[in-house]
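The structure appears below as structure tokens.
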Amino acid sequence: MLLRNDSCRGEAAVPAATNRIPHVTRMPLQDFAGDTHATTVPEMEHAIDSFIRFLAVERGLSENYQLSTQRSLSEFARWCAARKKIDNPRIVTLPVLSEYLIERKRAGLSASSIKLIVVALKIFFRFLVGKGAIERDPAEALTLPRIERYLPETLNELQVEQLLEKIDTNALHGLRDRAMMELLYASGLRISELANARLENFNFEERIVRVTGKGNKTRLVPVGRKACEALAAYLSTERPKLVKRRSGSEIFLSARGTKLTTARIWQIVKKHARHAGLEKNIYPHLLRHSFATHLLGNGADLRIIQEMLGHSDISTTQVYTHVDQQRLKAVHRQFHPRA
């Protein structure tokens, strides 16, 4: 099992802008031409295990991050053993790292995937230097690949209204679906955060939901009036019928009484988008993007949006300023007489 160390950070409840918004588990390793499953890399793997434990215990990073980093490093270790007969991190050099990255790029790996590998290698070897396990850092001179940033797609406010109002609350699980999608838009939750939302973390009186996001960090997010009304209708009428003996305290339950999976939530959003007649590709994260863009467009401070989204870096949130600028330019072109 990977290690966990839950951590919290300070939260600030801010009114919404509108009524709606308010020992380590080894992963299977990739095969490389010429290597065999019998290949072992004891020294390298021992160093990787030690590093992953450090990420879990000392840094308190999430299981997903541990798994991703462990996978990147173990694939590199396997390549070193197969291609270079290297089984000790002390022997790794900058040319070896560069050759590995070039080979991964030629294999068709995207710039963003290459970046994750580079970051994993840099922090791994920096850790080994700090620990005194190696004398020099071969990854120090590695540069991160440049990644094109794509502006997130969003729905306008009329499209969101059309999507939500078209949900038939008289249909089977209609109240649940309406409450679920209202909450996605009202609070900008990630799909995993929605699936794991629990009754004890929702405060109706304060209209606040506590969610656990990336890195096991918790935050408080306001919930709009319409989302609260939809949740109240679902919790009082429909959820009690879904509860079974094995049910937990997750807010949104399946017909079997278990919590909804992220895959099922994705299907539900797609179904209601088709029913609403929206031609745009609708998916759960699109409602999160729309939440942030509409908050910004209605005058919310970028730092507040950052807190509500649970972004650790303001630069991640700044992408929404570009989206809003595009909207302003489009309005100017459409309505200004000399545009």
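The values are calculated or read from the model by the stated rules, or taken from the named source; none is laboratory data. Given the structure is predicted, the values throughout are model-derived calculations rather than measurements. Note that each Cβ is placed from the backbone with ideal geometry, even for glycine, and that neighbours are counted across all protein chains shown. The accessibility values were calculated without ligands, DNA or RNA, using every heavy atom of the protein model including side chains. Shrake-Rupley method; radii C 1.70, N 1.55, O 1.52, S 1.80 Å.
For this structure, a couple of remarks:
- Summing charges over all other residues whose Cβ lies under 12 Å from the Cβ of GLU238, with Lys and Arg as +1 and Asp and Glu as -1, gives +3.
- Inter-centroid distance (Cα atoms) of segment 109-126 relative to segment 157-175, Å: 42 Å
- Accessible area per residue for segment 180-274 is 46 Å², calculated with a 1.4 Å probe on protein heavy atoms, without ligands, DNA or RNA.
- The packing ranking, built from the mean of other Cβ atoms within 10 Å per residue, places the peptides 268-281, 153-166, 287-300 in the order 287-300, 153-166, 268-281, highest first.
- Accessible area per residue in Å² at 1.4 Å probe, computed on segment 69-132: 46 Å²
- Cα-centred dipole magnitude for segment 204-295, charges only on beta-carbon of K, R (+1) and D, E (-1), debye, nearest 20: 400 debye
- Rounded to the nearest 20 debye, the dipole size of segment 192-251 about its Cα centre is 220 debye, using +1 on the Cβ of Lys and Arg and -1 on the Cβ of Asp and Glu.
- Under-5 Å amide H pairs with ARG198, H placed in peptide plane, nonlocal only: ILE251
- Using C-alpha pairs under 8 Å with a sequence gap of at least 6, the mean separation divided by the residue count of segment 121-230 gives a relative contact order of 16 percent.
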